[in-house]
Structures are given as structure tokens and as C-alpha cells.
Amino acid sequence: MRLSNQIIVSNRLPISAVRSNDGAISFAESSGGLATAMSSLESDAQVWVGWCGLASDTLTPKERSYITKEFAKRACVPVFMTEDEVKLYYEGYANDTIWPLFHYFQSVANYKNEYWNAYEQVNKAFAIAVENVSAKNASIWVHDYHLMLLPELLRARLPLAKIGFFLHIPFPSFEIFRLLPQRTEILNGLLGADIVGFHTHDYGRHFLSSCLRLLGTSLTDRAVSYNGRHVQIGTYPIGIDYKKFQQQLAKKSTVASLKQLDESYRDEKLILSIDRLDYSKGILERLEAFRLLLDMYPANHGKVKLFMVAVPSRTEVDAYKNLRDEIEMTVSRINGTYGSIDWAPISYQFQNRPFDEIVALYARADIMLVTPIRDGMNLVAKEYVASKKDRNGVLILSEMTGAIDELPEALAVNPNDSRSIMRAIEQGLKMGTSEQRSRLDAMQRRLKTYTVEHWANAFMHDLSLADTTGSHDSKLLTPSDVQVLATNYQAASHKLVILDYDGTLKSHIKTPSALAASPSIRVLRLLALLSEDPTVTTVIVSGRHKKALQSWFFSLPKLKLVAEHGAWKRYHKQWKEISINFKQYKPTIRAIMEEYTERTKGSLVEEKDYALVWHYINVKPELAYKRSKELFHDLKTALKSEPIDVKAGKNIIEVKPNGVSKGRIVEELLREFSADSVVCIGDDYTDEDMFAALQNTNHAVTIKVGDGETQARYRVAAVPDVIAFLESLTSKGLLPLLTKKLPQIPRKLPALVNKSIKRIRGTKD
């Protein structure tokens, strides 16, 4: 098979290999929502990778070859799994761990090491299968909870590919997700994608919360920044093939089935329930609601019928066997208690019905009961609405489905409250035809527009716009880039190097202490080399107080210093300050910040001459996220008519005068020090002002350290990469490439640097 530019990956293929009783292998359409949803999107350019349907250790080499060739004719690539892998990966980790946990049935979830080992193994097998058929720059769409490790595995193998992931089930709240032993591995796996999609905004919000609390990621409402990559988080509610259901209503088989249903239930209101047999579907609660209806409203006896279809699912799993037994006993008990010789309240079928019969049931049903305890979307609800061409009906829908956001005209119920479901049934039985039609029309208009094709096209469109690095705003600095930039820099006659400090030359620490944040020997040596070069003007532009900078760099007189984002500057021997009155605003700002400090354990207030900073690096991530938003809002409100700037940075909220800006300092430096090569490096929001000021400077190289959106041209992952890059720029060429190790530090450092180091070590806050 030739390499493909568009690949769909899922646990199941749209067709499955099956073995008949006589041992022959044939092929049948796969059951399941994904295969059904994606069947209308098949194209010549598309390849689908998934499990073949039969255990590999039950196949002969000849059979395996035959299956592979037959799937190839259908643009499918089979992944082969042994019986043990199917049991441990699919029945085990996917459906005995992830499925119950993500549907909030945490008491049912089993956490077994052999499950996880098999899950890892199978995800790696899928990665190999995809790599074998993928073009280097392919668009790869990975589906569902069975393959949550796959995006990261593919990212390592196919760095230029555009990788999307869509989760078809709910993503649970953090309090549920944190129960998973392999929670960080799952998040890392998903964050290998360029886009991670969910059915609803709430599921995406839960995912973002888990990333924040478990990985400490930078995030917005629509993106996660992690390990130098920018991963989009999108909401893509899946639709159905609306026309398919409308067209099916006119086919002879469906017309015949509908006629038979009309005759069979001429004098009865038909209440329909169709679900895969699963504990997440709320079937027992639904039966209890119907029992309550019969008990509390005996006038309905002989006039209503609950037609319940339970589609077999995971029949070998004990939890499902037990659920089936309980459902069947409950049905028998209700029929025995409330039925009569000529009327059974419930018609129960444990089987899969043909599509034409299902559509006929949808069309005939007066009420559709869709009341899962938890469901990612639920397409049955949409299929029912789509099948109501010339007939009325009432949809009763669980509040815990993704579909409730798409179908607000349905009667919403709490699936855990059988009385609520019962009251909704009674309301539906009494609802007038005009109201039924009005509700259906509104839902149908929506379903006609937001079809499964619309869903897929929206996702693939967004994926097509994704940057293969996941970083949509800058280029990751590579060793070859470093070599080119270093050559250009060294050829320039006048150079200007502008450096932030915290997060750029020194990794962020848990305290604003000057002693803890003091520079390393390596950094001091580097700055000495840069500042002593007569062709280089080197400037530290920091948010730190001038006393801290003075204590660290007093022995480097040629190094220019800017403190408090531009409030203080030392280009020569003396410090100069800006003429802005900030003192009058400090009491108000301090009072607001101290109030939040009292309420937020781990936070603290730092006071500078021209700034007040609220630090929350030691606060629990989710509380920090919440409180920082609240404080930012309160400060903005209190100071909205004042010449004061409120900024949210990396683990800080900072308040300073409007006239204080790193961007203004850069503009000043460009005027005062002529340069034909400019290097500017920073990591935080204040450094974006510097990058912005240099956007129209052709000979400027701007570099962002770490994650997050940026105006910088390049990006590096962390502080060591910054230091390595700067060393490549020095006249001695200490480190030409990022990949090489730093040479041994000379035994004899310049005297002034040694003096500076000694002073730092003895300095107190």
C-alpha cells in the first residue's frame, strides 16, 4: 500500500473479519458509533488503521495474509492482536478501567498492571502500523479512549505530521481523573496531538483542569502550552447523517415495518428505549421510572407500552452479565405485577435490530427515553429526531449527555431521579401535537446543519491549519538555526544583546529571594565574556529590584542594567530613575493583594520602588488559577481610571505605572546604541513588549523561553538552551551547537567575577 496523506486511526475498522462456524473467514460491517459515524466520510485519499476483529494467534499465516489483502482493497490497514492483548488491552484497560472511570463509575473500575502493560504495548503496535503507511507530513486523526497514548508515540515517529485526537466519551472532572494511576502518562499521550477535540465545552474544561493540576501547564480556554508545544483544545459535537434517516423512511422495508408497528400498537402509546447494554445507560433507573408511572397513574394500564431494545455488548464481562440478569428480572417483575392476560407493559428484546426496523421504531414511537447516567454525546437521541418526518413525538433526554446542549428542546431529566423521568413521561403523554411539532422542528433544523460530515470537516479543517510543532506562533530553535545565527552575529560590527533574567538566565524559583535567585558561575562567566567584548552592548532588563541586580553584577561594570522593567537603569556607573509618582497608589494596591494573600496559602506580596507583585508559585495550581483571575479582576476594577498597569505573568500578578515598560527600554536602547545585530531573549509577558518593539527590526533575533503564545521569532525549551545559545555567540565560540556539552570551566576565572560570586554567596535579602 502506498503512503497516505490522510489517515484515520481507531480501535475498530469500519469492517471486521469474522469466522463462521465452519471456520471460514468473511467480512462484516462493524458495530459501534464511530464506525457508523465515519462511514459517510470514506474517500479515495483516506486510509483507515484499526484492529482486524480476530485474534492473531487464532490465524494461520495464510489467513493473516488473506485478511491483510482484503482490507487493503477497502483502504484499511489491520492491526493484529493476540487473544491476551484483546482481553487485557480492550476488555481490560479500555473497558474495565477507562470506560467506567470516565463515565463516573469509579467503584467499578479495575486498576491492574497487566491491563496497563497491554495498553502500552498495543498503542505502540498501532504507532508502528500508522508509521508504515503514513507520509511524513500526513494528517492523522486518532479516535477515542482506546488509543490515548498514540498521539505522543506518533509525534516521536512522525514529527512533521499533523496529529488530531478526538475523545468520543466524556472526559471526567479532575477529582475523578486523578484516581487513574497512569494519569500523567495519559495526559502526556494526548498532548502529543496538535488538536485534542471533545464533544462539549465541559469535557474540554475538565481536560484543561487536569493538565493544569497534574502537569502545571500554561493554558488558556482553548489551548495548552507544554514542553515547548502549543496544543489546541476544541469542541466538536458529533452529528449524524440526517439525510440517511430521512431517506430510509421511504424505503419499502421500513414502510412495511412501520405499518406492522402501527397495527400492533394501534391503541397504545409507544415508549421506546434503545441502548447498548451498559451500566452507564441508566436502564434500571428507566425501568423504575416506568414502574412508578404504572403504580401512580393506573389509568395508563393497557394504554402505554415500553418497547425496550438492549443491544448485546461486552457479553463476556461479568459486570455486563450481571446487569443483563438484573434487567431481565426487573422486566419480568413489572410485567408480572402490572400486566394482564392481554397486555404486557414491557416488550423486551436483547438483540441487535436491523437498521430499517430501528428507523421504523423511531418513527412510530410517541416518546423516546434516552436517559444514560453519563454519555459522551448519544446519537440515538439525534437519530430519533431525524426519523420524525411526518410524525410527532417527544424526546426525553438525560442532562448528563453531551446531546443535551445540542437538543435543548427535549424534556431534560436527571437520570438518577426515577421520579423525574416518570414525571417527564407523564408530561410527554399529555403534550399537545402542536408543541411536539414545534420542539421537533427546532431540533431538526439544527441536525440538518450540524451533520456528521460537518463535524468531521470542521475538525479536519482546524487540523489542516495546525503547525506540526504544535506551536503556532514561533519556530523551535534548532542546532542548524544556532549555527546560522551565530555566524551572522559574529560577522556584525556592532551588536546589542538584551536579556531578561528570571526564567531566561535563571530558572524560576519558589521565592523572590535575591540570594536564592543569584546567577550561576557559568552565567557570570558568560556575561563577563559578552560585556567585555568591545563590539557588544550587553543589557540585563529585569523586573528585579536594583539592589538585587547590583549585588549580583557589581563586578561587571560594562554590563548595563535595567531594574523594575525600566523604572531604574544603569547604563554607566550611576542608577537613574524615572520621574513617575507611584507611592500614592501603593496603599490601595497593597491592601487588595494582602487580602488575597490571607485567603491563599502559599502566596506572598513583593514590594518594589515602582511595582507591587503578588506571587503564587507555591499555591496549588487550580486554586492559583482561580484566585489569580479574581485578583486580576479586582485590581483592574479598583484602578480602572488610574495611570496604572495590571499584568498577569508567570505565577505573578504585577502592578506598575503605565510608563514603565520593557518595550520602551528596548526602543530607547535602539536609539542610544546603534547596532547591526540585535539578540533579545525573554520568557514572560513583560518580555513580549520587547519582542513587539523589535518586530520591524530586520536584524533582530528574538527568542521566547518556554511555552505560551509569543511574538518572538524563535523558541527554546528552557534556561540551559538559552545559555548554550549565548555561548555560541561569544568570540571564543564556547558552544557552537546546542547538542554539544559545555567545556570544563577554567580554573582561573577573571578576578572580578570571582569577587562577584563571593559577594553573592554572602549576600542576604
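Select, from Lys620, Lys636, the only residue that is in contact with a strand residue (DSSP E or B) (Cβ under 8 Å, 6 or more places away or on another chain) and outside the structural domain of Leu208 (by TED's automatic domain parsing).
Sole residue among the options that is in contact with a strand residue (DSSP E or B) (Cβ under 8 Å, 6 or more places away or on another chain) and outside the structural domain of Leu208 (by TED's automatic domain parsing): Lys636.
Of the residues Thr504, Thr487, which is free of Cβ contacts under 8 Å to residues at least 12 places away in the same chain and either buried (at least 20 other Cβ atoms within 10 Å of the Cβ) or among the β-branched types (Val, Ile, Thr) (or both)?
Working: Thr504 fails: free of Cβ contacts under 8 Å to residues at least 12 places away in the same chain.
Selected residue: Thr487, the only one of Thr504, Thr487 that is free of Cβ contacts under 8 Å to residues at least 12 places away in the same chain and either buried (at least 20 other Cβ atoms within 10 Å of the Cβ) or among the β-branched types (Val, Ile, Thr) (or both).
Could you tell me whether the stretch 468-478 includes any residue that is outside any helix (DSSP H, G or I) and at pLDDT 90 or above?
No, every residue in the stretch 468-478 fails to be outside any helix (DSSP H, G or I) and at pLDDT 90 or above.
What helices (runs of 4 or more DSSP H) lie completely within the stretch 54-168 and have 1 or more residues being among the small types (Gly, Ala, Ser)? It would help to see each step written out before you state the result.
Details: elements: 61-73, 99-102, 113-133, 150-157.
Filter on the stretch 54-168 gives 61-73, 113-133, 150-157.
For the stretch 514-530, name all the residues that are surrounded by fewer than 19 Cβ atoms within 10 Å (Cβ to Cβ) and farther than 19 Å from Asp683 by Cβ.
Leu515, Ile521 - these are the residues of the stretch 514-530 that are surrounded by fewer than 19 Cβ atoms within 10 Å (Cβ to Cβ) and farther than 19 Å from Asp683 by Cβ.
Do we find that Pro345 is buried (at least 22 other Cβ atoms within 10 Å of the Cβ) and in the same structural domain as Glu285 (by TED's automatic domain parsing) in this structure?
Details: buried (at least 22 other Cβ atoms within 10 Å of the Cβ): yes; in the same structural domain as Glu285 (by TED's automatic domain parsing): yes.
When the stated conditions are applied, Pro345 passes them.
Using beta carbons and a limit of 7 Å, which pairs, at least six apart or on different chains, have the first residue in the stretch 204-217 and under 13 Å from Ile176 (Cα atoms) and the second one outside any helix (DSSP H, G or I)?
Within 7 Å, the pairs are His206/Phe171; His206/Pro172; His206/Ser173; Phe207/Phe171; Phe207/Val196; Phe207/Phe198; Phe207/Ile233.
Between Glu453, Glu435, which is surrounded by fewer than 17 Cβ atoms within 10 Å (Cβ to Cβ) and within 30 Å of Val9 (Cβ to Cβ)?
Step by step, each of Glu453, Glu435 is checked, and only Glu453 is surrounded by fewer than 17 Cβ atoms within 10 Å (Cβ to Cβ) and within 30 Å of Val9 (Cβ to Cβ).
Just a yes or no: is a residue in the stretch 687-702 in the same structural domain as Leu524 (by TED's automatic domain parsing), in contact (Cβ under 8 Å) with a residue 40 or more places away in the chain and within 29 Å of the chain's Cα centre (by Cα)?
yes
Examine the stretch 590-602 for a residue that is in the same structural domain as Tyr625 (by TED's automatic domain parsing), in a helix (DSSP H, G or I), touching a residue at least 12 places away in the same chain (Cβ under 8 Å) and among the β-branched types (Val, Ile, Thr), and state whether such a residue exists.
Yes - at least one qualifying residue is present in the stretch 590-602.
Could you tell me whether any residue of the stretch 693-708 is of a type outside the set (Asp, Glu), modelled with pLDDT of 90 or more, farther than 24 Å from Leu529 by Cα and in a helix (DSSP H, G or I)?
The answer is yes, given that some residue of the stretch 693-708 is of a type outside the set (Asp, Glu), modelled with pLDDT of 90 or more, farther than 24 Å from Leu529 by Cα and in a helix (DSSP H, G or I).
Could you please give the count of residues in the stretch 531-567 that are among the hydrophobic types (A, V, I, L, M, F, W, C), crowded, with 20+ Cβ neighbours inside 10 Å and over 42 Å from the mean Cα position of the chain (by Cα)?
Selection size over the stretch 531-567: 4.
Take the stretch 204-254 and flag every residue that is of a type in the set (A, V, I, L, M) and not in a loop (DSSP other than H, G, I, E, B). Don't jump to the end; show me each part of the working.
First, pick out the residues of the stretch 204-254 that are of a type in the set (A, V, I, L, M): 208, 212, 214-215, 219, 223-224, 231, 233, 238, 240, 249-250.
Residues satisfying the conditions are Leu208, Leu212, Leu214, Leu215, Leu219, Ala223, Val224, Val231, Ile233.
Which of the residues belonging to the stretch 669-692 are assigned to a helix (DSSP H, G or I) and in contact with a strand residue (DSSP E or B) (Cβ under 7 Å, 6 or more places away or on another chain)? Quick ask: steps written out before the conclusion?
Applying the first criterion (assigned to a helix (DSSP H, G or I)) to the stretch 669-692 yields 669-672, 685-692.
Leu669, Tyr685, Thr686, Met690, Phe691, listed by residue number.
Please enumerate the residues belonging to the stretch 480-508 that are among the hydroxyl-bearing types (Ser, Thr, Tyr), modelled with pLDDT under 95 and closer than 29 Å to Leu549 by Cα.
Tyr489, Ser493, Ser507 - these are the residues of the stretch 480-508 that are among the hydroxyl-bearing types (Ser, Thr, Tyr), modelled with pLDDT under 95 and closer than 29 Å to Leu549 by Cα.
The values are calculated or read from the model by the stated rules, or taken from the named source; none is laboratory data. What you see is a predicted model, and the numbers here were worked out from it, not measured in a lab. All Cβ positions, even for glycine, are placed from backbone atoms using ideal geometry, and neighbour counts span all protein chains on display.
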